[in-house]
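The values are calculated or read from the model by the stated rules, or taken from the named source; none is laboratory data. Just so it is clear, the model here is predicted, and its values are computed rather than measured. Don't worry about glycine lacking a Cβ; one is built from the backbone with ideal geometry, like all the others, and counts go over all protein chains shown. Note: areas computed on protein heavy atoms with side chains; ligands, DNA, RNA excluded. Shrake-Rupley method; radii C 1.70, N 1.55, O 1.52, S 1.80 Å.
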Amino acid sequence: MEQMQQEVDAYISQFKEGYFSPLAMLARMSEEVGELSREINHYYGEKPKKTTEAERTVEEEMGDILFVLICFANSLNIDLQEAHDRVMNKFNTRDKDRWTKKED
């Protein structure tokens, strides 16, 4: 995760504009999630793609979301590995018995 954050930072750092403001970043994240929703609806939902629409993939849209999330984290000096570790600790403690476990 640290390597991805460094790679994104190196990319963004080459531009004078730098990272967007937190509000603009949130708007961008919302836009990307909307694009993922549209792709999911095309592939798994009831709304087929129009013949005039460009072919995009769920993988591409998830990649866009990941990029924006990393930009957002970098702009706020958030270590995503640490954030991930905290949330996994929460799921492994507080929510450990929330779901039905598979039998071995």
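For the chain, a/c is not less than 1.5, where a ≥ b ≥ c are the root eigenvalues of the C-alpha gyration tensor, and a/b does not top b/c. That puts it in the oblate class.
What chymotrypsin sites (Phe, Trp or Tyr not before Pro) in segment 10-104 are in a loop by DSSP, with at most 14 other Cβ atoms within 10 Å of the Cβ?
Passing both the DSSP loop test and the Cβ count: F15, W99.
Overall form of segment 50-104: oblate. Here a/c, set by the Cα gyration tensor axes a ≥ b ≥ c, is 1.5 or more, and a/b is not larger than b/c. The GluC sites (Glu not before Pro) of segment 1-76 that meet both conditions, a loop assignment by DSSP and at most 14 other Cβ atoms within 10 Å of the site Cβ, are E17, E46, E53, E55. For the chain, the fraction of 1.4 Å probe accessible surface lying on carbon and sulfur atoms is 55 percent. When you filter the trypsin sites (Lys or Arg not before Pro) in segment 17-74 for DSSP loop state and at most 15 other Cβ atoms inside 10 Å of their Cβ, you are left with K49, K50, R56. Taking a Cβ cut-off of under 13 Å around V33, the surrounding Lys, Arg, Asp and Glu residues balance to a net charge of -4, with basic ones at +1 and acidic ones at -1. Per residue, how large is the accessible surface of the chain? Use a 1.4 angstrom probe and give square angstrom. Accessible surface, normalised per residue, equals 80 Å². Of V87, V33, V68, the residue with the greatest mean-square motion in the GNM of the chain, using alpha carbon springs below 10 Å, is V87.
Positive contributions from Lys and Arg (+1) and negative ones from Asp and Glu (-1), summed over other residues with Cβ under 11 Å from the Cβ of A24, come out at -1.
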